[in-house]
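Novice: My questions will all concern the structure given below.
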Amino acid sequence: MTEAAKSKGRYFAKFLDALPEDVRAHGNDESFRASKAEYQRFLEFFNKGHCYLCAKPLISFSKKTPCLHWLLKPKGFNKKDFRTVAHRYGFFQIQSFLRWVANQENFAKNINDLTCEGNGVKLFEVTIKYKNLEWAFSCAESDYQGHSTSQHAKHPHYHFQMRIDRRPFINYSDFHIPFSEMDVINIEAMRALPGKIKQRFSFGEGMGDVLSEDTVEHIIKTAVSAGAYDEAHFKIDSIVIAKEGETINGDDLYEIIQEAKEKNVTVASLLNRLPNAQTQVIVSPGPGVVQQAPRSGRKKDT
Ligand SMILES: [Zn+2]
Ligand SMILES: [Zn+2]
């Protein structure tokens, strides 16, 4: 299956690349509309404690009907049942569902998909949290290529971890979960045209979407400093250095800090008015963002 799916993916990338801009934009709009309709259905059911996929209560579990809502740990769901769910739903479908769930508790900060937070060499690395549940996906290049030394892991696969109350329930090393054919097609298309073809998780946006080069300026201007520090989406650090041969007046700085407090804006947003100073602002994920679940201490080939 793999080679055929990979070449389908590359063909798909070529096809998309050759489309006129307006046709491509129209296609994007259409797929956004479809996601929106599906998300509305998800919400309607979820807010009543039901699953939009199987229409059953989120707390129900029946071995006969494997469903993504099992990952919310209804009574009876065991580690080995994950295989059935993963067989039925692809990598992106599982992730999309969990991202929607996570965003019901807190927008974006329960989803850490920042590449700088992981070890940077993974194809995919994301940690998603909802209440006392935490799920993490990990796929390195060697996982995608398949571990050639292992019969049951030679296909393209990813690893999955689930924790309940911070305690291990499923470990990364428990499964080598095969990517579905659709997954491989999508991944291969993204790899063929990096930057141009991206996986979007509409309504399932995480910190990687919220905190990017394009958004930093907006964050500094619009962030408010109120609220509990522990729950913050962002941490904004400012570095102030006097211009060469000049000095910064402490009173000027004090006034800016007071004005920021009064107006409930970030100090960083006003710093450009500080005389004789050069300023640099660093925006990073705040303490309220879920930490990436590291995949470490693993044996070779897992
Ligand atoms: Zn369900
Ligand atoms: Zn592996």
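Novice: Can you give me the number of residues within region 107-122 that are surrounded by 16 or more Cβ atoms within 10 Å (Cβ to Cβ) and either modelled with pLDDT under 90 or over 22 Å from Y229 (Cα atoms) (or both)?
Specialist: Residues in region 107-122 being surrounded by 16 or more Cβ atoms within 10 Å (Cβ to Cβ) and either modelled with pLDDT under 90 or over 22 Å from Y229 (Cα atoms) (or both): 4 in total.
Novice: V283 passes all but one of (1) part of a loop (DSSP other than H, G, I, E, B); (2) at pLDDT below 90; (3) β-branched (V, I, T); which number fails?
Specialist: All conditions are met except number (1).
Novice: Given the conditions (1) farther than 28 Å from F32 by Cα; (2) touching an Asp or Glu at 6+ places or on another chain (Cβ under 9 Å); (3) surrounded by fewer than 20 Cβ atoms within 10 Å (Cβ to Cβ), and given that G76 satisfies all but one, which numbered condition is not satisfied?
Specialist: Result: G76 passes all but (2).
Novice: Being surrounded by 16 or more Cβ atoms within 10 Å (Cβ to Cβ) and out of contact with any strand residue (DSSP E or B) (no Cβ under 8 Å at 6 or more places or on another chain) is the filter here, so list the residues in region 39-62 that pass it.
Specialist: Y39, F42, F45, F46, Y52, L53, C54, S60, F61
Novice: Can you tell me which residue in region 10-32 is surrounded by the most Cβ atoms within 10 Å (Cβ to Cβ), limited to those that are of a type in the set (A, V, I, L, M) and assigned to a helix (DSSP H, G or I)?
Specialist: Taking the candidates together, the pick is A13.
Novice: Can you pull out the residues in region 39-63 that are closer than 30 Å to K196 by Cβ, more than 12 Å from ligand 1 (Cβ to nearest atom) and touching a helix residue (DSSP H, G or I) at 6+ places or on another chain (Cβ under 9 Å)?
Specialist: Y39
Novice: Inspect region 195-215 for any residue being in a helix (DSSP H, G or I), under 24 Å from Y39 (Cα atoms) and of a type outside the set (A, V, I, L, M) and give the result as yes or no.
Specialist: Yes, region 195-215 contains at least one residue that is in a helix (DSSP H, G or I), under 24 Å from Y39 (Cα atoms) and of a type outside the set (A, V, I, L, M).
Novice: Just to be sure I understand, how many residues within region 252-267 are exposed (fewer than 13 other Cβ atoms within 10 Å of the Cβ) and in contact (Cβ under 8 Å) with a residue 24 or more places away in the chain?
Specialist: 2
Novice: Go through (1) crowded, with 22+ Cβ neighbours inside 10 Å; (2) closer than 15 Å to Y172 by Cα for S96 and report which single condition fails.
Specialist: For S96, the failing item is (2).
Okay, residues lined up against (1) away from ligand 2 (no atom under 16 Å from the Cβ); (2) in contact with a Phe, Trp or Tyr (Cβ under 8 Å, 6 or more places away or on another chain); (3) within 25 Å of Q292 (Cβ to Cβ):
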residue	(1), (2), (3)
W70	yes, yes, yes
K80	yes, no, no
Q95	yes, yes, yes
W100	yes, yes, yes
N103	yes, yes, yes
N110	yes, yes, yes
Y130	yes, no, yes
W135	yes, yes, yes
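Novice: Could you count how many residues in region 64-75 are more than 7 Å from ligand 1 (Cβ to nearest atom), at pLDDT 95 or above and out of contact with any Lys or Arg (no Cβ under 8 Å at 6 or more places or on another chain)?
Specialist: 6
Novice: While we're here: If you check S225 against the conditions, is it modelled with pLDDT under 90, of a type in the set (S, T, Y) and part of a loop (DSSP other than H, G, I, E, B)? Give the derivation first.
Specialist: Numbers: modelled with pLDDT under 90: yes; of a type in the set (S, T, Y): yes; part of a loop (DSSP other than H, G, I, E, B): yes.
Yes: the conditions hold for S225.
Novice: Of everything in region 150-170 that's outside any helix (DSSP H, G or I), in contact (Cβ under 8 Å) with a residue 24 or more places away in the chain and within 14 Å of ligand 2 (Cβ to nearest atom), which residue is surrounded by the fewest Cβ atoms within 10 Å (Cβ to Cβ)? Write out each step before concluding.
Specialist: The initial filter retains those residues of region 150-170 that are outside any helix (DSSP H, G or I), namely 150, 154-170.
With the extra rule that they be in contact (Cβ under 8 Å) with a residue 24 or more places away in the chain, the set shrinks to 150, 155-156, 158-166, 169-170.
Keeping just the survivors that are within 14 Å of ligand 2 (Cβ to nearest atom) gives 150, 155-156, 158-161.
On the way: S150: 13, H155: 18, P156: 24, Y158: 25, H159: 23, F160: 23, Q161: 21.
For region 150-170, the residue satisfying everything is S150.
The values are calculated or read from the model by the stated rules, or taken from the named source; none is laboratory data. Because the structure is a prediction, the values reported are computed rather than measured. Every residue, glycine among them, receives a Cβ derived from its backbone with ideal geometry; neighbour counts consider all protein chains shown.
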